[in-house]
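Every number here is computed from the coordinates shown, using simple stated rules; none is lab data. Since this is a predicted model, take the numbers as computed values, not measurements. So basically every Cβ, Gly included, is an ideal-geometry build from the backbone, and we count neighbours across all protein chains shown.
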Protein chains: 2
Amino acid sequence: MDSCRPSICSFLLILFLLALVQTAFCRTRHYKWQVNYLFWSPDCVESVLVAINGGFPGPTIRAEAGDTIVVELENKLPTEGVVIHWHGIRQRGTPWADGTASVTQCAINPDETYVYKFLADKPGTYFYHGHYGMQRSAGLYGLLIVDVAKGEKEPFSYDGEFDIILSDWWHKNIYEQMTGLYSKPFRWIGEPQSLLIAGRGQYNCSLVSAEAGGINANCNKTNQQCAPFVLSVESGKTYRLRIASATALSSLNFIIEGHKLLLVEAGGNYIEPLEVENVDIYSGQTYSFLVKADQDPSKNYWVAVNVRGRRPNTPPGLAIFNYIPTRPTSRPSTAPPASPAWNDFAYSKAFANKIVARDGFGPRVPLKSDRAIVLLNTQNYIDGYIKWAINNVSLVLPATPYMASLKYKLSNAFDHRAAPETYSPNSYDIMRPPSNPNAATGNSIYSLDFNATVDLVLQNANILMPNSSDIHPWHLHGHDFWVLAYGNGAFNPSEDFRKFNLRNPALQNTVVLFPYGWTAIRFVADNAGAWAFHCHIEPHLHMGMGVVFAEGIEKLGKFPISGLGCGETKRWLP
Amino acid sequence: MDSCRPSICSFLLILFLLALVQTAFCRTRHYKWQVNYLFWSPDCVESVLVAINGGFPGPTIRAEAGDTIVVELENKLPTEGVVIHWHGIRQRGTPWADGTASVTQCAINPDETYVYKFLADKPGTYFYHGHYGMQRSAGLYGLLIVDVAKGEKEPFSYDGEFDIILSDWWHKNIYEQMTGLYSKPFRWIGEPQSLLIAGRGQYNCSLVSAEAGGINANCNKTNQQCAPFVLSVESGKTYRLRIASATALSSLNFIIEGHKLLLVEAGGNYIEPLEVENVDIYSGQTYSFLVKADQDPSKNYWVAVNVRGRRPNTPPGLAIFNYIPTRPTSRPSTAPPASPAWNDFAYSKAFANKIVARDGFGPRVPLKSDRAIVLLNTQNYIDGYIKWAINNVSLVLPATPYMASLKYKLSNAFDHRAAPETYSPNSYDIMRPPSNPNAATGNSIYSLDFNATVDLVLQNANILMPNSSDIHPWHLHGHDFWVLAYGNGAFNPSEDFRKFNLRNPALQNTVVLFPYGWTAIRFVADNAGAWAFHCHIEPHLHMGMGVVFAEGIEKLGKFPISGLGCGETKRWLP
């Protein structure tokens, strides 16, 4: 062997030092998970959950920015496929790790393992959840927290932290829920029986009063499956609370009795600090806020979540804000704090508009876009079934993942005609039920030029029933987007561009579309792959409320074969 | 083009005539099925079923011997795979159509279609059912009737026919059932809530008495989902009844009030006609019998099924034997007829021993075998879970179908060491709980020489609980077998061969193993493929009670690729 020449030696030395730095500061966080059915009593009523490693919620992943997260996911369900989506992680360069069945991979078959490997590239509050059928509703979710890289600092400080996943819970299992959604006559899933804070709720447990009548016999202060979650704090200290909403349906409002909340982060991006009494959080959203333990430390306080945006039929979810050394299980003597009225949309909109980017953090919004797509959200009939449609097309996911179909040119896997770019804004009256309620199913997609700046205008409308319009929190995979504006009524393309906030729009991955309103967002199509964009209300997505974008497919490398084998990808088999 | 020469012309002419004959006498029976969840009230209580084409039980397939049956099965379940096994069809030359997940094919993914194409080569009473997880228990079953070929005659005659599938039904769904079986502590599924005749039962409907107290409000004589099945007969005529038991657990006894039954066919083979008062039928078995409408025609009679072999906790399943023109819904005034006591095993054994081949029909049993395998059935603990084991190994099905692993030499797909040929007959006390209750999981198989004659001796034993031994009906895929003998206690290899019936043993595909007994069968391994042999009690199979045979793999042709794509078969993917 030749000895290396000085220039090569220097180069190798630099490489070696870089590797050392990588070793010193960036780690691989390795997890081995099994998904299985599990008896559990999330609200003191036993159900069968889709769970990870025998517990609920799923284990919290904790990493530092720059770390690589590896999750070996083994499916131990007897007959169901499974995938897990890492909500808010952009998967730059690893689109096959996005965990979206029919889009980025085949569902993992029973007894198979898929290895999710991706970079935790940005500090923030994220979560993960099932993205196949309605398995998220069945309990398949958990937190994913990315701290700042070692040596880096957050632009705020705190003494302690609590990480809380919020969810809603039904006693009717997901098979029955899905069957109802696909039945004639249609059967809606209804409102949840319970709201869960950190996976714990109390159905008919009468936490608040001491009444005994009709009380669920399984309620038990020491039942660690459903006893209220306790946040034990020391008087005078400041805590960071991270909350993530994995609800199937419910828009929530989070409140801590007697304490103000200082919002500092939303969806993995810093926001301009905002002091509030309570936080609106829609399914798919996350927040960090600071709370100071500055109240009378001789008693405990309620932490509560309430349903907003739909006429609620679910009692509040409750947890305990406990001042040490008060007994953690000691119930506050007060009634749980009230959230704003469920239908106070003015409050919700004012709140949403106050969420803006923290000055000096994050990329600036491009001032112009290359393309604008208007996405009208309607409720329709298809063959007598009730569906949701976008520009009159209700998404039916194909058997073959889009990304594989595109990369391997499997031309029979989906409809290659362009998905509809708009609806008829001049003729569609969003304030009334559709004049023609019929829509069509489809599976075509939007092809985006790589690096194009794209505007999306989500347009809400009246549902099939008069005088009703629903909330839809929309989530984009593979990217953050800037929230440019929320508006009322029909978006006016000749006027409403002026309302866009191009100064300090918040970067987000999930944004709310208010009833009878529109929401405009902007993103850069700079992440090669196929990406879902959909309403994060799980039964709405199941009813077709989503679209798919593709960009930079020609840049994609080799896929993990364990994510193939379904649909048209079988073509190579012997 | 050359004109054809005389010899070639004759040959082509013969081919053409053969094709004409085929066209004239043998048809292709083509079915298009979708599997979906369905709200249904099989016993007047609503459940979600796994159903075919929006009905329950599945459609009856009817063909003539020599016909080809083609079923295009599309899986419309949102997240579950599916397969269908054609129980009793030997699948000679079409092992990939056997429909056994992990053995002959990958489960069909959601939104995929698999085409089952096979020959109905032999007249008889068959059925089909799900063979993945516990989907049979969820309602995925129906009848498959093969009449004699046109121009052929049965060796008996009748004026009319009724075809009836029997099953048992739980209100607890299969996800909960499966979770219980895989839990610590173990939760048994318990006894069924209802027995179904032709898919109809009546939970808490008080068919028999007129009491109103506590009666299920959904019971309704005109509810075609759960109104009792009616067999309308004309006085003096003779009817063929075909019954098939798709029960998940229950051993049944079928009886018609006041009428004698003449058994003529069992499991697709003619048997020596046998007049009985009632019929024991185990899960996986089918029978034909003739019944003459020879009773007082001015009233109706009960048809009943009762649980035998387990302490029953389920009311009888009931149907109406209706003499035209008596009103079909008119309830008999009598109490439903009693079956023999549940634990009268002497009766059961005497009945089983009377089932022998009809003289002059079917192949003769080979007088010698090339190989004998003793299969000890035990209940065990594995890592604290309760399992069933065969020769101390509890079957855990692999992610890759055995048949593909064998044909394509996928060496990592399962354990290629030989499965255990025997247990320790001298040291194992079958009358007591296992002295060492621990067993192991495994997935190794028995490789059989092609065309070898193989004896299997099923040996029962005491379960984990003292003084208990269960019934196990064992079903062989891909073959019929001769039932050589039933014995009590431990099989004695030096003595008990003499008890084998080599004169007129019945050919069957499912045979019962009595508590504390043994059952000996013989078959010829002349059907290339990989074949399951297992207890037909679905939760028992789910707990590991099965083995797999492979024979003639080198003779297998090309597999349908739609049955691949799972596990190690992904190796060809890009």
Taking the axis of the rotation relating chain B to chain A, the B residue whose Cβ comes closest, together with that distance in whole Å, is B:Gly565, 2
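Starting from the Cα-Cα distance between B:Ala335 and B:Lys558, subtract it from 0.36 nm times their residue separation and give me the gain in nm to one decimal.
Numbers: separation 223, 0.36 × 223 = 80.28 nm, distance 5.71 nm.
Once the chain is fully extended between B:Ala335 and B:Lys558, it gains 74.6 nm.
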Under 5 Å from the placed amide H of A:Ile281, counting only residues 5+ away or on other chains, we find A:Leu252, A:Asn253, A:Phe254
Cβ-Cβ cut-off under 11 Å around B:Glu191, Lys and Arg +1, Asp and Glu -1: the net charge is +1
Simple SL model, points at 7 angstrom along Cα→Cβ for B:Glu275 and A:Lys32; separation in nm is 6.7 nm
In the stretch B:134-171, the trypsin sites (Lys or Arg not before Pro) that sit in a DSSP loop and have at most 16 other Cβ atoms within 10 Å of their own Cβ are B:Lys150, B:Lys153
Check: C-alpha center the stretch A:226-244 vs C-alpha center the stretch B:249-315, spacing in Å is 66 Å
Taking the label point 7 Å from Cα along the Cα-Cβ vector, the copy-to-copy distances for B:Ser183, listed from shortest in nm with one decimal, are 2.5
Averaged over residues of B:563-570, the number of beta carbons from other chains lying within 10 Å of each residue's Cβ is 6
Taking every alpha carbon pair in the stretch B:489-574 and sorting the distances into 10 angstrom bins from 0 up to the bin holding the longest one, the percent per bin comes out as 11, 30, 33, 15, 9, 1
Expressed as a whole-number percentage, the relative contact order of the stretch B:371-572 with C-alpha contacts under 8 angstrom and at least six residues apart is 28 percent
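For the residues B:Ile463, B:Ile561, what sequence is obtained by ranking on other C-beta atoms within 10 Å, fewest first?
Fewest-to-most Cβ neighbours within 10 Å comes out as B:Ile561, B:Ile463.
What translational diffusion coefficient, to the nearest whole µm²/s, does the stretch B:22-147 have by Stokes-Einstein, given a Kirkwood radius computed over alpha-carbon pairs, a temperature of 25 °C and 0.890 mPa s viscosity?
Details: Rh = 14.7 Å.
Rounded, D is 167 µm²/s.
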Residues of the stretch A:547-561 with backbone N under 11 Å of the label point set 7 Å from the Cα of A:Phe450 along Cα→Cβ are A:551-557
Given backbone amide H placed at 1.01 Å from N, residues whose amide H is under 5 Å from that of A:Thr100, ignoring those fewer than 5 places away on the same chain, are A:Gln105
Between the modelled labels at B:Phe361 and A:Glu154 (7 Å from Cα along Cα→Cβ) the distance in nm is 8.0 nm
Inter-copy distances for B:Asp296, label 7 Å out on the Cα-Cβ vector, sorted ascending, nm, one decimal, are 8.4
Of all GluC sites (Glu not before Pro) in the stretch A:216-325, the ones in DSSP coil with at most 15 other Cβ atoms within 10 Å are A:Glu234, A:Glu277
Copies of A:Ser494 compared via label points 7 Å along Cα→Cβ give distances in nm, shortest first, of 10.6
With +1 on the Cβ of every Lys and Arg and -1 on the Cβ of every Asp and Glu, the dipole magnitude of the protein assembly as shown about its Cα centre, in debye rounded to the nearest 20, is 540 debye
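Is the shape of the stretch A:190-328 best called rounded, prolate or oblate, per the rule: a/c under 1.5 gives rounded, else a/b larger than b/c gives prolate, else oblate, with a ≥ b ≥ c the square roots of the Cα gyration tensor eigenvalues? Show your work: numbers first, answer last.
Values: a/c = 2.12, a/b = 1.18, b/c = 1.80.
Oblate shape, in that a/c is at least 1.5 and b/c is the bigger or equal ratio.
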Between the residues A:His30, B:Phe361, A:Ala530, the Cα farthest towards the positive end of the dipole of the protein assembly as shown, that dipole coming from +1 and -1 charges on the beta-carbon of Lys, Arg, Asp and Glu, is from A:Ala530
The Cα extents of chain A along the principal axes, largest first and rounded to whole Å, are 74, 74, 53
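Once R0 is set to 41 Å, what does the formula 1/(1 + (r/R0)^6) return for the Cβ-Cβ distance between A:Ala346 and B:Lys76, expressed as a FRET efficiency to the nearest 0.05?
0.40
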Subtracting the Cα-Cα distance of B:Ser232 and B:Ala372 from 0.36 nm times their residue separation yields 45.6 nm
With only helices counted (DSSP H, runs n ≥ 4, each -39500 (n - 2.57)), the per-residue ellipticity at 222 nm for chain A, to the nearest 500, works out to -2500 deg cm²/dmol
Per principal axis, largest first, the Cα atoms of the stretch A:98-166 extend in Å by 44, 25, 21
One finds, for B:Lys499 and A:Asn53 with R0 = 60 angstrom and r their Cβ-Cβ distance, a FRET efficiency to the nearest 0.05 of 0.70
Total charge of the residues flanking B:Ala107 in space, meaning their Cβ is under 11 Å from its Cβ, with Lys and Arg +1 and Asp and Glu -1, is -4
Ranked output for segments B:85-98, A:323-336, A:387-400 by mean other Cβ atoms within 10 Å, highest leading, reads B:85-98, A:387-400, A:323-336
Each label sits 7 Å from Cα toward the beta-carbon; between A:Asn353 and A:Arg432 the label points are separated, in nm, by 2.9 nm
Any DSSP H helix in chain A with Cα axial reach of 18 Å or more and mean Kyte-Doolittle score of at least 0.0? Listed by number, the hits are A:6-25
Mean projected area (nm²) from the convex hull of Cα positions in the stretch B:327-460 is 16.1 nm²
At q = 0.04 1/Å the base-10 log of I(q)/I(0) from the Debye formula over the alpha-carbon atoms of the protein assembly as shown is -0.25
In the structure shown, of A:Lys76/A:Lys558; B:Lys150/B:Lys354; A:Lys122/A:Lys292; A:Lys237/A:Lys299; A:Lys407/A:Lys570; A:Lys76/B:Lys387, the pairs separated by more than 21 angstrom at the C-alpha atoms are A:Lys76/A:Lys558; B:Lys150/B:Lys354; A:Lys122/A:Lys292
